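Take a look at the structure below.
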Amino acid sequence: MESTLLIIRGNSGSGKTTTAKRLQQRLGRGTLLVSQDVVRRDMLMVQDRDGNLSMDLIRQITEYGRGKCEFVIVEGIFSEQRYGDMLKGLISFYYGKAHAYYYDLSFQETVHRHNSRSKKTEFGEESLRAWWNPRDYLGVDSEVILTEELSQEEIVELILKQVQTP
């Protein structure tokens, strides 16, 4: 089976997880979703620091999906400085059959989106500001920049069109 890798990145609260889950639902059974928050916070309970245990596990789970799942979605903040080499390595591992998406939103829009979700009570604007890392592009040919002008549904449709077109 030929597999396609989808990488969805951006600042906290931008809409990555919502998009990834909707894509998984639309792409159907056997679509592997690897969420940075699930692996790092829920499975391993580690801080997002250089060399943390989640980096290797995310890579291993994502590699596992090649040849077994038609689509593998990896989503998270994934700062370029810390995760860029790993993500670029995964793109190569998938023989370049990969699409990268980056949510490039204003800070104000990110706060607005964060305040509309259930996690809004876990952390607030001050934390979002401390974590803010604008224009953190991966810098690969396949990278698509997602802006606040696009609705959640438009983003899902854009990605589906790109990955389902031969």
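Taking segment 42-63 as the range and being within 21 Å of TYR103 (Cβ to Cβ), over 14 Å from the mean Cα position of the chain (by Cα) and at pLDDT 95 or above as the test, only SER54 passes.
A Cβ distance below 8 Å, combined with a sequence gap of six or more or placement on separate chains, defines the contacts here; from segment 39-57, residues that are under 14 Å from VAL74 (Cβ atoms) reach residues that are assigned to a loop (DSSP other than H, G, I, E, B) in the pairs ARG40/VAL46; ARG40/ASP48; ARG40/ASN52; SER54/LEU44; SER54/VAL46; SER54/ASP48; LEU57/LEU44.
Checked against the criterion of being at pLDDT 95 or above, of a type in the set (Val, Ile, Thr) and assigned to a loop (DSSP other than H, G, I, E, B), the candidates VAL156, VAL140 yield just one match: VAL140. Summed over segment 143-153, the residues that are among the charged types (D, E, K, R), in a loop (DSSP other than H, G, I, E, B) and either at pLDDT 95 or above or out of contact with any Leu (no Cβ under 6 Å at 6 or more places or on another chain) (or both) give a count of 1. Within segment 141-166, the set of residues being free of Cβ contacts under 8 Å to residues at least 24 places away in the same chain and β-branched (Val, Ile, Thr) comprises just one member, THR165.
Working carefully through the options ARG66, ARG82, ARG135, find the one that is out of contact with any Cys (no Cβ under 9 Å at 6 or more places or on another chain), at pLDDT 95 or above and on the phi > 0 side of the Ramachandran plot.
Details: ARG66 fails: on the phi > 0 side of the Ramachandran plot; ARG82 fails: on the phi > 0 side of the Ramachandran plot.
ARG135 is the lone residue from the list that is out of contact with any Cys (no Cβ under 9 Å at 6 or more places or on another chain), at pLDDT 95 or above and on the phi > 0 side of the Ramachandran plot.
The values are calculated or read from the model by the stated rules, or taken from the named source; none is laboratory data. This structure is a prediction, so every number in the text was calculated from the model and none was measured. Here Cβ is always computed from backbone atoms with ideal geometry, including for glycine, and neighbour counts include all displayed protein chains.
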